[in-house]
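The structure under discussion appears below in the form of structure tokens.
All of the numbers you see were taken from the coordinates with simple rules; none came from a lab. Just so it is clear, the model here is predicted, and its values are computed rather than measured. Here the Cβ positions follow ideal geometry from the backbone for every residue, glycine too, while neighbour counts run over all protein chains shown.
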Amino acid sequence: MGIVLARRTVGDLAPEEVNGRRALVRADFNVPLEGEGETVRVASDARIRATLPTVTGLARCGATVILVSHLGRPGGERRSELSLAPVARCLEELLGRRIVFLSEPFDERAVKLVRVGEPGDVFLLENLRFEPGETVNEPGFAARLARFGQLFVQDAFGTCHRAHASTVGVADHLSPCVAGQLVERELNAFHRLLEPERPFVAVLGGGKIAGKLEIVDELARRCDRVCLGGGMANTFLLATGVEVGDSLVEPDRVETARQILDRYPDKILLPTDVVVATAIDAEARRETTSSDGVPQGRKILDIGPGSIRAIVGALKGARTVFWNGPLGVFETPPFDAATLAVAKGLADVTDHGAYTVVGGGDSIAALERGGLTDAVSHVSTGGGAALKLVSGATLPGIEVLDPATRRSAA
């Protein structure tokens, strides 16, 4: 599996492949915004800062840098509230230099402006998903986008599981095609998950199970233990024959969950106690009950103290850990207790030598809330991409990159 991740990187490029050339860089600027009208600003610049080493490195080597990204899901239509203009302003502040923002990127004027750019200039194109050809990888749109660059740099790990024009299609027109520094770090981290030191433990949560069952199945095959929480665990609990009250479940997935439990009865760890309430409300009356004793009219909103101890206990013996997804309704305290406890447990095992990787927005938010972001081995910038990669699946946005040379693979 490690061969899948062996890709050429920006660090492998010869000077003549960069200097005086236009580098089309796929970045992930899908960031939260706040404010209204002219006061709209970036609420969290973490994803923008993550790409800065690639941007500054290319500019320093004499490339003209053309940044492209999506923001939100505008559905192929121009929506002013999803413009990347606030990102351009944030980039200017972080880089301390002017950024040329192309609000109408797909006209001849924009292409000519980029092509007469000086080495070290940085451009940002408007939201790619304003164009319907982006998400369907329409060949004509990919060709239009590729006109801006000469080489392609993939630095948006969070979109590498999508076969879009900006992640896959442009690679047919540009050369070389390499990983940026952010993606390089991600690939190095996941290489260690695909060839893990054992015991290997996965902790999976989140609200819904759709699209994740195959990943649970594959991880159960590869891991020594898979600990489930959140809405995902509810569907598996229902598959064991217990009642889960009014909890979030996906009835059409119960049979598949049952088959997974039958295949791996000794590997999957389900909650034995849960915290329930009548509503997702911090003021709602809550109680802890056995997972097979959830009263009608109650919703499972977190796992209980016994289940927390079981997961933390599984972590203590691990040498490699992957965590994706909260174990309760994390955004509404006090139903964040289990998620925060697991974040602390993960930091503890990291401190004792385990290799730990965290992916998914809410899991990362739990680390941030606990001041533990730097206490784990690697914090991934991709949720869906991380899940697919750790399950052993290939990512389209990685597969199109140039294979590693002997020097870069060393």
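Given a 10 angstrom Cα cut-off, can you work out which residue in 225, 21, 263 is the most mobile in a GNM of the chain?
Sorting by GNM fluctuation, first place goes to 263.
Using only alpha carbons, build the gyration tensor for the chain and give me the equivalent ellipsoid semi-axes, biggest first, whole Å.
41, 23, 19
Using the alpha-carbon atoms, what tilt in degrees (0 to 90, nearest 10) does helix 230-239 show relative to the longest principal axis of the chain?
50 degrees
Out of residues 5 or more away from residue 134 or on other chains, whose amide H comes under 5 Å of its own, with H placed 1.01 Å from N in the peptide plane?
none
Residues with amide H under 5 Å of residue 225's amide H, sequence separation 5 or more or different chain, H placed in the peptide plane at 1.01 Å from N; which?
200, 202
Give me, ordered by chain and number, the residues 5 or more places off residue 7 or on other chains with an amide H under 5 Å from its own placed amide H.
Under 5 Å from the amide H of residue 7 lie the amide H atoms of 404, each far enough along the sequence or on another chain.
Could you give the length gained on full extension between residue 79 and residue 292, defined as 0.36 nm per residue of separation minus the Cα-Cα distance, in nm?
Gain on stretching residue 79 to residue 292: 71.9 nm.
For 402, 281, 336, which order do you get if you count the other beta carbons within 10 Å of each Cβ and list the fewest first?
Arranged by neighbour count, lowest to highest, 402, 281, 336 become 281, 402, 336.
How high is the relative contact order of the chain, in percent, with contacts defined as C-alpha pairs under 8 Å that are six or more residues apart?
Result for the chain is 17 percent.
Please give the net charge around residue 279, taking every other residue with its beta carbon less than 12 angstrom from that of residue 279, where Lys and Arg add +1 and Asp and Glu add -1.
Taking every Cβ under 12 Å from that of residue 279, the sum is +1.
Considering only the chain, what is the antiparallel percent among its DSSP beta bridges, to the nearest 5?
Just about 25 percent of them are antiparallel.
When a/c reaches 1.5 or more, the comparison of a/b and b/c decides; with that in mind, is the range 72-135 rounded, prolate or oblate per its Cα gyration tensor?
oblate
Give the separation of the Cα centroids, the range 202-278 to the range 5-29, in Å.
41 Å
Just the number, please: percent antiparallel of the DSSP beta bridges in the range 196-379, rounded to the nearest 5.
Roughly 35 percent of the DSSP beta bridges within the range 196-379 come out antiparallel.
Can you tally the net charge around residue 146? Count Lys and Arg as +1, Asp and Glu as -1, for every other residue whose Cβ sits under 14 Å from the Cβ of residue 146.
Overall, the nearby charge balance is +2.
When 266, 351 are ordered from fewest to most other Cβ atoms inside 10 Å of their Cβ, what list results?
Going from least to most buried by this count: 266, 351.
If we count other beta carbons within 10 Å of each Cβ, what is the order of 52, 389, 124, fewest first?
52, 124, 389
So which lysines pass the test for residue 212, namely a Cα distance under 19 Å, with those fewer than 8 places away in the same chain ruled out?
Counting by Cα, and skipping residues close in sequence, residue 212 has these lysines nearby: 267, 388.
Is it possible to state the helix-based mean residue ellipticity at 222 nm for the chain, with each DSSP H run of 4+ residues giving -39500 (n - 2.57), the sum divided by total residues, to the nearest 500 deg cm²/dmol? What is it?
The helix contribution divided over the chain gives -10000 deg cm²/dmol.
By how many nm would the segment from residue 282 to residue 92 lengthen if fully extended, with 0.36 nm per residue of separation less the alpha-carbon distance?
Using 0.36 nm per residue and subtracting the Cα-Cα distance, I get 64.4 nm.
Quick check: from the Cα gyration tensor, does the range 196-379 come out rounded (a/c under 1.5), prolate or oblate?
Oblate, since a/c reaches 1.5 and b/c is not below a/b.
Taking the Cα centre of the chain as the origin, how large is its charge dipole in debye, to the nearest 20, when only Lys and Arg (+1) and Asp and Glu (-1) carry charge on their Cβ atoms?
880 debye
Taking the Cβ of residue 37 as the centre, find all other residues whose Cβ is under 15 Å away and add up their charges (Lys, Arg: +1; Asp, Glu: -1).
-1
If you bin the C-alpha pair distances of the range 1-71 every 5 Å from 0, what whole percents do you get?
The percentages, shortest bin first, are 3, 14, 19, 18, 16, 14, 9, 4, 3, 0.
Mind running the shape call on the range 1-151? Use the C-alpha gyration tensor, a ≥ b ≥ c as the square roots of the eigenvalues: rounded below 1.5 for a/c, prolate if a/b tops b/c, oblate otherwise.
Rounded shape, in that the Cα axes give a/c under 1.5.
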